[in-house]
Structures are given as C-alpha cells and as structure tokens.
1. Output the residues belonging to segment 750-762 that are among the small types (G, A, S) and either open to solvent by less than 60 Å² (accessible area, probe 1.4 Å) or in contact with a helix residue (DSSP H, G or I) (Cβ under 8 Å, 6 or more places away or on another chain) (or both).
2. Is there a residue in segment 285-297 that is in contact with a helix residue (DSSP H, G or I) (Cβ under 9 Å, 6 or more places away or on another chain), open to solvent by 10 Å² or more (accessible area, probe 1.4 Å) and at pLDDT 95 or above?
3. Could you list all residues from segment 739-749 that are open to solvent by less than 60 Å² (accessible area, probe 1.4 Å) and on the phi < 0 side of the Ramachandran plot?
4. In segment 144-160, what residues are under 15 Å from D181 (Cβ atoms) and either buried (at least 23 other Cβ atoms within 10 Å of the Cβ) or not small (G, A, S) (or both)?
5. R317 versus (1) free of Cβ contacts under 8 Å to residues at least 40 places away in the same chain; (2) of a type outside the set (S, T, N, Q); (3) open to solvent by less than 10 Å² (accessible area, probe 1.4 Å): which is the lone unmet condition?
6. Give W648, W629, W655, W602 a once-over and let me know the one that is over 23 Å from the mean Cα position of the chain (by Cα) and at pLDDT 95 or above.
7. Which residue is most open to solvent (accessible area, probe 1.4 Å), if the candidates are limited to segment 640-670 and must be of a type in the set (K, R) and in contact (Cβ under 8 Å) with a residue 12 or more places away in the chain?
Amino acid sequence: MIRFFRNAILIFFVMIFPFCCEAEELKLWFKRPASVWDEALPVGNGRLGAMVFGGVGNERLQLNEESVWSKGGMPAEKKEGYKSIQKIRKLLFEGKYVEAEKLCLEKLMADRLPSGTNTYQTLGDLNISFEGLKFYGNYKRELLLDSALVRTTFSANRAKHTRTVFSSAVDQTLIMLAEADKPRQISCTIELSRPGDGEEVSIVQNHTLVMSQHVNGGNGVKYETRIKVIPHGGKIKIDGSKLLVESADKLEIRIVAATDYRGRDPKQACVEYLESIESKAYDRILADHVPEYQEYFNRVSLELPQSEAAGFATDERIYAQKNGVYDPSLAALYFQFGRYLLISSSRPGCMPSNLQGIWADGLKPPWNSDYHININIQMNYWPSEITNLSECHMPFLEFIGALRTNGRKTARALYGVKGFVAHHTTDAWHFTTSFGKPQYGMWPMGAAWASTHIWEHYLFTEDKAFLRDYGYPVMREAALFLSEMMVRNPKTGKWVTGPSMSPENVFLTPEGERASVSMGPAMDLQIVWHLFNNVIDASSVLNIDEKFRKKLANQLAGLTPVKIGEDGRILEWSAEELSEAMPGHRHISHLYGLYPSNEYNWNDKPEYMKAAAKVLEERLKHGGGHTGWSRAWMINFYARLMDGENAWKNLVALWAKSTHPNMFDNHPPFQIDGNYGGTAAIAEMLLQSHAGEVNLLPCLPDQLPDGRVAGLMARGGHEVSLEWKNGKLVRATIKSKLGNPVKVRYGAKVVGFEMDKGTSITLDGALKEII
C-alpha cells in the first residue's frame, strides 16, 4: 500500500511538472535499508566484491571473490561419439528427427554432474550488529556510480552517521568506514560466517578475523579471507570468534581474500594484501581508488531529458515503469549502471563476468552462476567496446583461449575432427563437452560464437600484436572445427553444420512430434558466416594463412543460405519449414545475423531486415522477451532495425517487467546479462558502425528529443560525441585514435573524411565540418 501511494505521487508530479532541467546525479538511491538480496547494492574491483545491505542496527556485507568455485569433476565425455555422427546425420537428412535425437542422447551427450556444472559460491558474510541504533531517521542509502562506492547515512542519538563501502582495485581491498559527527557513537559486534559447514573462523593479532575453508567438502578451491578491524578511539576486545568494539569515534574495516585457483597460497596472499596497506590511511586508499576507477568510467557521459520522476528514489522510479511513467533520464542511469557493473566485475587479469557478474549469494546460486556460452556470456561483453571499456573485454577473450585444451579433445571425441569446440555452457574449469539433454546441450557453436569477439576487439582497437600472437590462432582453431565438421546436404549439395540445434528451442516434426536436433539451423549458418569472414579478414590483415583463407572462402560460397519462409519470416530451422513448438520462445537465435553479427543490414540485405522485423513481431505476440536478457536482445534488434519506437517500448518493458529494485536484471531470478545487453542497446540506439559507416543517431526514439553523449567508440578507432535537439543532430565530434578514414552517415546523407591519428573533426547536422 505504501508503494502504491508513493507511485501515485510520482505519477502526479510527472503529469503536472513534466520536465526538470537540473543535472541529475549519477547515483542509485533508496529511502530504506535492503530487506532482501535483490535490494542490496554491489561494489567490486573486478575480483573482490560485496552486496551492501545498508542496515542500521544490523549491517550485512555479503562477500564474493571471483574464484570461489567448487570442483566436483567434469561431465564424462563420450570418447567414441564420432563413430555415430554419420548415422545421426543420415537420420536427420531423412527427416527422422526424433530417432536422431535419441541417438544423440545415447552416443554424444555426457551425463550431468549432480549440480549440472561446478558452482560459483559466496565467500561469506560479514555481519555487524550495532548497539543503540534502534531508533533512527533521515535515512538514505546510495550507490555513487561516478566514484564506485556505497554510502549510507542516517541520524540517531542526535548524531549523523555515515557508512562508506568500496572495493579498491589499487589496493585489492574492500573497505568499510563507519563514522559519526559526534564522538563515542560506534559500538558493535563483528562476526564472519559462511553458509554450510566446514569454515574455520579465528582471530589473529592486530584484531584480524580470519576465515578459511576447502570448499565443497574438499572438492573445490581453498580460500582465505582476512578482515582487519581498526577502531579510532574506544576499545576493542575478543569474544570467541567475534570482535567487540565499544564507544569508537570511527570504525574502519579492511577486507582481503584469495584462493588457490591460480596456484597461489591464499593465506600468504591475504597477509601480503594487508601488509601492503598497513601504513596507508583510509583517506589515501579512497583517494587512490576514485581516480583509478574514474579512468574507466569517465570515458563516456550521457545526458538525457529529465522528468520529475528523476527526483524520486531509484526503486520508485523502476516500479513506476509498470504504469508507463515517462522517465527518459532513467535510460542514462541504467546505461551507466551497466558500465559500472562491467568495470566492477571484469578487469584485466580477472576471470570473466559470470551469470551474476561476481555477485552471488549462497552455495548454489541459480544455474550455478556459471558461464553459459549460448548467449549469456557473450551478452555480458556486448557493451565492452562501444562504451569505451575495451580492457574489460580481455577476461572473456582470454577465457576463450583457455577452452582450447579441452575443446580439442571434445572435437576429436564427438566429431572426429580438428580444431576446438565448446557447447552450451562451461565453468571455471573450462570443460567443453555436450551434456544433459539435446534440447540445450547438442549445440557445438559456443566456441565459434565466442571467438567472433576477438575480431570485434580488433576492429575497435586494431591491436595487431594481440591479433597475431593470440587472437588469430584462437579464431582459426574455432573455424577449423567448423570447416571440418560441416558436410554437404545430399539434397542440395550445400554445406551445413550438424548435428546441432537452435539454442534451447523445439520444433514440431511433419508427424507432429517435438524435436530439437537438426542439420543447419539458421543460427549455425549465421555463426559460420560471421566467424569465417572474421578469420578471412584477420588472415588478410596479418598476410598469413592464404591456403586456409581460400578454403573458408570456398566453403562460404557453398554455404546453405538462411531461408525466408512463406509468411515472410526468417526460418529458424533452414533445412525445411518446420513449425515452432514454442512461438514465444525466449531465444531469438535465428536473428543472430542481425545482432550481434553484421550480416544483415539495410544497405546490403534489406529483405532479411524486413523478415527479421516479422520474426520479432510474432515472438512478441506470443509472449517472447519474457526474460530480462531476451528483452535486452530485442532492444538491440530494434536498434539495428532503426525502429526507435519499438526500441524504446522494449526498453521500458525491460524496466517494468525484468528489473529488480536495485536495478539488477531479473531473468527471473537475477542474471547480469540483461543489464549488459540493455546497456549495449542504448549505445546502439545512438551510434552504430557495423555496416562500414559511423551511423549517428540511427535509432533515436521520440522519447529522447534532446540529449548529449560523449566518448562512445566506433569500429576503426573513432571516438564519437553527439548533441541533438528536437530529435535532430546539432553537433558531432569524431576523434581518430588510429588514423583511419571515416565514412559518416546521418539519415540518408553519407560523407567521407580522411583523418590522422589523434585529430578530431566537428560536424553540424548537415555533416558539414565546423572549422
């Protein structure tokens, strides 16, 4: 009822006072502590993170370290699966889908582990019980996106209390400071715990709590976390495994953690982390943290019109979207929150952002918080290049290469070919085999899709050393697998992949039975087109591997074309016009060629663009987009279609139906991919460069009539800043980081410019240079 009245007030103010021109602060803020995990606020340094609840009398920091993983083995690969491949293909070509699928299950699919995959787990909980704070007022909890810290303020006992939490990448330490504007206000009990059994908690010298464990009953990593408690004034004493602080003026807590995932002794690592900052004051730690973080974050700014809704708390703004409240600047906040999450969970040298970034509670988070590679991890990195966070892409690019050792074995065992393959999911231990049921597991395209990210990274950076020494070898091996795995369709003579499926979807056979596995589903063919062209271009750039380049080009020339059906839609299963068993399915895999690939665009293949729009219309009509990440993908599709009305409509639907109060994406439950996909989509609405042009404001919705963005990146190394008013481009500045020529499009007008490295040009709305 309280939420209803708050929302009614918000709607009233927006109707009466539709616009506000004051600059909006980049922060999420709330009027009460978090009561559940999905209301808490995330901090992270790429490796070490926490969910901050902002409790007054009882504060909880739920802690994570990126490498706290179980290791209960890997799915047992079918060692001679390749001997059945020819028979399976024959059955599929004959239209005996159900029989072929049963044979896949028997001969190719490994049994699931009891948990499905190995599991990412919580590091534990830091609980602080404060005394004398039962009654309080003036409460505010906020996440400051421009400085990467959570701040909680309130009044109690005639004193103003402030608590600040942040995770420093400079010092590899998570810091909390509790303070008040009057002395002797802080008394509390501090304890460290973890769900389940087996953790050992102790207190060592200098008032440091220590917790260590070999997780999952000895089947996983060994971790240690150390929490140093530093009271300013007052007293501190030990009570068993707890620390008691009495009448302190300030309370500083320093949290470090490590595991043996990379072979390092976690105890020694924690000792070194704390020793390295022993003489470093809190103010210095904070002063180092903020500019280091801002070096990433401040590269891009986005200003959009503000309605009165911008003055309300974040959870109220999100809830109001269910009633269609006009809140255009929420897009800017959501966009920057996505960039904040990527910076905070994916730094160079770290593991990639998993299904929940680095923030997961408990010992068995949803889907084990693993690495799904049939869209989810790829979506995590869609915003990395265009939003000027190229370094944050690196953990994923390096992870792809780490799949090769197992991926080569899987390629040999299941398909009898060279190269490397990965299927629909993996984990911290890089397994690559198919497992479980064919409906989700019989999909050999994971490594191929992931490898296209390497070429995308090159297109934005032109890092030729990276491409030559690492990127090209990885891409080549993924392409080699596809090149050797493909066969010719006996009816058409064209190349097809298979056995495979369209991720997690089901079709109806001509006999009315349900099946998933086929030869040459549309997404496979689009991934082949994408990766083969990437490898061909890369080998040309490096002037190597001409023989393999020609082989791929020849196979592309004979590749089965993706078909458009009689109803004008792209066919998801291109072998024949099979009926959809789930017409509102969350995966829209057969539009891969529209996004993230560059195969379909209005310049080259307008017929496929129109057919893609019909696919989306039908999917939405039947309930598609019902998960957060699926809705985010749809916004990217509409951005590429240059359909501003539907892009905005689906962005609002993402907020209204699939966003938690703390702005986390709601699958449901929480999955971080929707945040990243939504962030990428907002960027794509403002700037596109996949079709050989830097296209300015290609999908500007009417709901964003005015605005300003600075720092977005286009392929070719062009940094772009834009300003628009009344829906029209006013000014564009393009800075060349690499010295490449640039072809600029705005609407129907296209103009080319020669540029030197480090130079900039500024254009007006007619694309005329402003001198």
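The values are calculated or read from the model by the stated rules, or taken from the named source; none is laboratory data. What you see is a predicted model, and the numbers here were worked out from it, not measured in a lab. Heads up, the Cβs are rebuilt from the backbone with ideal geometry, glycines too, and the neighbour counts pull from every protein chain shown. Accessible surface is based on the protein model in full, side chains and every heavy atom, while ligands, DNA and RNA are left aside. Shrake-Rupley method; radii C 1.70, N 1.55, O 1.52, S 1.80 Å.
1. Within segment 750-762, G752, G758 meet the criteria.
2. yes
3. Correct list: N740, V742, V744, R745, Y746.
4. Selection gives R151, T152, T153, F154, N157, R158, K160.
5. It fails just one condition, (1).
6. After ruling out the rest, the residue left standing is W602.
7. It comes out as K657.
Results for (1) surrounded by fewer than 18 Cβ atoms within 10 Å (Cβ to Cβ); (2) touching a residue at least 40 places away in the same chain (Cβ under 8 Å); (3) assigned to a strand (DSSP E or B), shown as yes or no for each residue.
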| site | (1), (2), (3) |
| --- | --- |
| N118 | no, yes, no |
| L126 | no, yes, yes |
| G132 | yes, yes, no |
| N138 | yes, no, yes |
| E142 | no, yes, yes |
| T162 | yes, no, yes |
| D171 | no, yes, no |
| E179 | no, yes, yes |
| K182 | yes, no, no |
